[in-house]
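Comments concern the structure below.
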Amino acid sequence: MPPATSVPSFQEIVLRLKQYWGDRGCIIQEPFDVEVGAGTMCPETFLRVLGPKPYRTAYVQPSRRPADGRYGDNPNRLYKHMQLQVILKPTPVDVIEQYMGSLEAIGIDLRKHDLKLEEDNWESPTLGAWGVGWQVMLDGLEITQFTYFQQCGGIDLELVPAEITYGLERLTAFLQGVDSVYDIEWTPGVKYRDVRYADELQYSVYNFEMADVPTLWKLFEIHEGEAKRLLELFAASKEKARFPLLAAYDHVLKCSNLFNTLDARGAISVTERVGVIARVRKQAVGAAEAWLLQQQGEVAA
Amino acid sequence: MNLLVEIGAEEIPDWMIAGALEYLGSAVGNLLKEDSLAENPAVRTDATPRRLVVRAEGIAARKPDTEERVWGPAKSAPPAAVAGFAKKQGVAPDQLEVLNDGKAEKFSYLRKVPGRPATEILAEALPQLILKTPFPKTMYWTGKGGVRFIRPIRWIVALLDNEIIPFEIAGVASGNESSGHRKLGAARFPVTYETFEEKLRDNYVILSAEERRARIRAVATKYKCDNRLLDTLVNLTEWPTPITGSFDPEFLDLPKEVLITVMRSHQKYFSVETPDGNLAPQFVAVTNTDGDPEGLIRHGNERVLKARFNDARFFWDSDQKKKLSERIADLANVTFQAKLGSYLEKTERMDQLVLTLIVHREKPGKALTEEDLREAKVRYAFGPDSPEFYAVRASRLSKTDLTTELVKEFTELQGVVGGLYARAQGEPEEVAVAIYDHYKPVSMEDSIPRSIEGQLLALADKLDTLRGCFKVGLIPSGSKDPFALRRAAQGIVKILIEGKLRLPIQTLCEGDKTLIDFLAERIRHYFREIRGFEYDEINAVLAAPWDDLLDVEERLEAIRQVRPTPNFEPLAASFKRIRNILRQAEFAGLAEPLNEKLLERGPETELYQAFEATRLACRLAPDHWTRMEHIAALRPKVDQFFDKVLVNAPDPEVRRNRLSLLHIMMAEFSTIADFSEIVTAS
């Protein structure tokens, strides 16, 4: 077990990783303010990986997976977990060495641990996105998802970005030697439980028991309609450069989260499911294509 | 000269390494041969997760000079044409010769093709050769339109007798520097052909897969060696060191299937057995390190496993809150396949199929009616305790485990979990066992379900999948078989034959010709690969009508037994002759019976009499083997017929009658096997 004195707190780990990637040219962003299922869905990743402009960013993203909620009972499973998302576009040739450096920056002596990169490809049908890569295993624990993006919104990427996604709770529980995420020390004297337990309990109750299905469907349709309306207007618009595509994309994300909530609630039948995914995908792909067009205009101008 | 090529890449998926090496070895070998750089090159290939290595010895320094004769215009051609040809060859016209190319006199020139240095040839060929390595899923990394490989290439060693073969792939120039273990070795160091393995070893990379395998096997703890897992671990490590960890024995009250799956599939650990064959609270993990002196790695792995086991226990406990029998309706929310509906619909189809199989067994050879099915349903829906009742009950519950947390987490345990839950929830043991086994056999080597209930259920499940998928056009092509239909079909064949179930499989395919052909392919495969029957024997039997696979098996056995007897192959040759005669005459049989009066006395009548006697004997015979003996015994009469009788008789009536005799004989005896399919020496 690592010596107790050197064990960083949850927030210390976050700060050190941000510092580390900030030192390597990443823009340190703050979490995106629309609910998402993964850091990949944030515009900082989903839209920025498109087009020819190099970009580097790192940010923590609280990620909501309604179906994974366990009322705060399960020591390893959360409705809302925290990801540290790093995008390096294009990928530097020493990307894996840089990544390994980040682990050492949070106090893991890799000479004393077992690190393996095991094949794990990533695909999101809702986003029309996929990539190849690995799950990074540290002493048998999956701590990071590493992906070379190939396509996003159905579009082949011009520059191939590396996406590095750290599961912060797991990583911290590993470093702190605790068996339950709720026992993680957030900062000295404060446990993860103190900060997050209520979220887990209440959202589980909402998502599984109380969410009103007709209301969620209504919301889904409203957001879908708004995204669709905007994307259609964009197609006809003469002032593409100032068009609010980012706002349109927010509505796509709302749809995605509502779909996940409806799914957790058991409100989506087999026959509906494929169709609803296709509806979200259609808007997501539309947003990606429009964004690329807008960017190209900017590059040309 | 010696060749060393090392392609340094980021971690290559373990299961793709063997295929890549096979290609690289043969591609390099072919290149050396085609360019006459080596006659019989000894090419060796090796790999670790981060490198693919090709080495070859005995390579010539140069491709030798060669001569090539170039043919020009005819001797009679005008001087301008001759001069043009000479100019093209870069010589004066008087340096040309006039020779005969086998057809005519022509101007020609013996051109010298200078050889090239091996380095030059290799530098030119290797980049494309390397990039053509077939991988199941490739990526690009230098930008859109860039080269594709399995993972980014980060260094290349290319040496011919320690001279660098200069080339570049994706911006990486070849050189003489390799790279060591990510953490224990140096990032870059020079190598030569001779020092390569030793330098790698100094940098904590064991190049030989065999040696890595031996290191993994060399652990004091006696673990259950799973060869597939071993292969995976050999290809996941450059410096493998096994460590032994343990877990709290209190977890041993979880089913061992769950514990082993967690260890093997999710954590890539070997499970450990106690001397009396039970699961021990221990595991062996294989690290990519040179040891774990402080026990940090062991401790980490133990904690991960504990969390995993806790998850499994959590799922097990929460799954018990809702019985399998209460989960049937929930299957409406689990998709089987978009066009084929939910698992609830699949279950309903399977229920019907199980009843269908039961009725076929109760009334062999009879066509089945709706009424039969309804009756059977009433008879077996609520008991009495019988294999039929258990099979129907098992079918009803078979897919409900798909709605449990444990199966959502460990999908490979579908069926197994259902069986375990059924037992825990007080279902009859026969029902539990049938559910537990119903995905079996999962491979050619795997056993079939243990009980008749399990066999019926497994058949119904697989038949439904096949019938449904073929109906909506999801038919496997080439290597694409996303629903594992080949495995399902193979499973059906194995269960029917090894379970000794007499069922009309063609009838069960509802006349779907494509599906029947697909099944026939698996039947051929089974009898050839597992049972060692000859191609032609299987072809002969399957060319005759078939439905029950046990009958097919018996016919094959009969052929196998009768084949070495002296009469058989000559008779088969005669059948082939008969078939050809009938085909040439375009003779498809007569509406009226054979006219015995037209038969010539002597060989023709004798053949006819022998045929009639054999036909009768065959009908009375107790088995195919006896039938086959009777048929084979016809040989002298057939031979005599062909010796003495002219089939193409001048009288058309007689001729037609003769053809008819052959046709009737052929048709009568081809119901067991089409003997003309047998390959004979004569």
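Every number here is computed from the coordinates shown, using simple stated rules; none is lab data. Here the structure is a predicted model, which is why all the values come from computation and not from measurement. All Cβ positions, even for glycine, are placed from backbone atoms using ideal geometry, and neighbour counts span all protein chains on display.
Of B:LYS462/B:LYS494; A:LYS116/B:LYS137; A:LYS112/B:LYS222, which pairs sit farther than 23 Å apart, going by alpha carbon to alpha carbon?
A:LYS112/B:LYS222
To the nearest 10 degrees, how steep is helix A:192-205 against the longest Cα principal axis of chain A, on a 0 to 90 scale?
Approximately 40 degrees, to the nearest 10.
What's the FRET efficiency of B:LEU252 with B:GLU429 using the Cβ-Cβ distance as r and R₀ = 30 Å, to the nearest 0.05?
Calculated value: 0.85.
Can you sort B:SER398, B:SER386 so the residue with the fewest Cβ neighbours within 10 Å comes first?
B:SER386, B:SER398
Average the reciprocal distances over every distinct pair of alpha-carbons in chain B, invert the result, and give the Kirkwood radius in Å.
32.1
With a point put 7 Å past each Cα toward its Cβ, work out how far A:GLU272 is from B:ARG62 in nm, to one decimal.
The answer from the label model is 7.9 nm.
Measure out, as a whole number of angstrom, how far apart the alpha-carbon centroids of the stretch B:14-33 and the stretch A:1-70 sit.
So the separation of the two Cα centres works out to 41 Å.
How much length is gained if the chain between B:GLU198 and B:ALA484 is pulled fully straight, taking 0.36 nm per residue apart and subtracting their Cα-Cα distance, in nm to one decimal?
98.5 nm
When a footprinting reagent is the concern and you count Cβ atoms within 10 Å, what order do B:TYR193, A:TYR249, A:TYR148 take, fewest first?
Ascending Cβ contact count within 10 Å gives the list B:TYR193, A:TYR148, A:TYR249.
How many nm is it between the label spots at B:ARG531 and B:VAL147, if each spot is 7 Å from the Cα in line with the beta carbon?
If labels sit at B:ARG531 and B:VAL147, their model points lie 5.2 nm apart.
What shape does the stretch B:341-380 have by the C-alpha gyration tensor, where a ≥ b ≥ c are the square roots of the eigenvalues, rounded means a/c under 1.5, and otherwise prolate means a/b greater than b/c and oblate the rest?
prolate
If you take the beta carbon distance between A:ASN121 and B:ALA544 as r and set R0 to 35 Å, what does 1/(1 + (r/R0)^6) give as a FRET efficiency, to the nearest 0.05?
0.15
Using the Kirkwood radius over C-alpha pairs as Rh, can you work out the diffusion coefficient of the stretch B:244-392 via Stokes-Einstein at 37 °C, viscosity 0.692 mPa s, in µm² per second?
166
With bins 10 Å wide starting at 0, give me the P(r) of the stretch B:207-279 over every alpha carbon pair, in whole percents.
Distribution as computed: 17, 52, 25, 6, 0 percent.
By how many degrees, between 0 and 90 and to the nearest 10, does the Cα long axis of helix A:270-300 differ from the longest principal axis of chain A?
Between the helix axis and the principal axis of chain A, the angle is about 80 degrees.
Using 0.36 nm per residue, how much length does the chain from B:CYS225 to B:GLU592 gain when fully extended, once their Cα-Cα distance is taken away?
Full extension from B:CYS225 to B:GLU592 adds 125.2 nm.
Quickly work out the B:GLU445-to-B:GLU521 label distance, labels modelled 7 Å from Cα along the C-beta direction, and quote it in nm with one decimal.
Each label point lies 7 Å from its Cα, and together they span 2.4 nm.
Just the Cα atoms of the protein assembly as shown: what Rg and Dmax do they give in Å?
Taking only Cα atoms of the protein assembly as shown, I get Rg and Dmax of 36.1, 114 Å.
Can you list, largest first and rounded to whole Å, the semi-axes you get for the stretch B:115-158 by taking the square root of 5 times each eigenvalue of its Cα gyration tensor?
Each semi-axis is √(5λ); the values are 24, 11, 10 Å.
Fewest to most neighbouring Cβ within 10 Å: what's the order for B:ASP14, B:ASP481?
Lowest to highest Cβ neighbour count: B:ASP481, B:ASP14.
Please go through the residue pairs B:LYS339/B:LYS377; B:LYS224/B:LYS321; B:LYS268/B:LYS322; B:LYS440/B:LYS480; A:LYS18/A:LYS191 and name each one whose alpha carbons sit more than 24 Å apart in this structure.
B:LYS339/B:LYS377; B:LYS224/B:LYS321; B:LYS268/B:LYS322
Please list, or write none, the aspartates and glutamates whose alpha carbon is within less than 13 Å of the alpha carbon of A:LYS218, excluding same-chain residues fewer than 8 places away.
A:GLU226
Please list the equivalent ellipsoid semi-axes of chain A, computed as the square roots of five times the alpha-carbon gyration tensor eigenvalues, in descending order and whole angstrom.
So the three semi-axes of chain A are 33, 26, 16 Å.
Can you work out the FRET efficiency for the pair B:THR605 and B:LYS471, with r the C-beta to C-beta distance and R0 = 41 Å, to the nearest 0.05?
Efficiency at R0 = 41 Å is approximately 0.15.
So if I place +1 on the C-beta of Lys and Arg and -1 on the C-beta of Asp and Glu, and nothing else carries charge, what would the dipole magnitude of the protein assembly as shown be about its Cα centre? I want it in debye, nearest 20.
Charge dipole, the protein assembly as shown, about its Cα centre: 1660 debye, nearest 20.
When a/c is below 1.5 the answer is rounded, else prolate if a/b is larger than b/c, else oblate, so apply that to the stretch B:370-411 with a ≥ b ≥ c taken from the square roots of the Cα gyration tensor eigenvalues.
Verdict is prolate for the stretch B:370-411.
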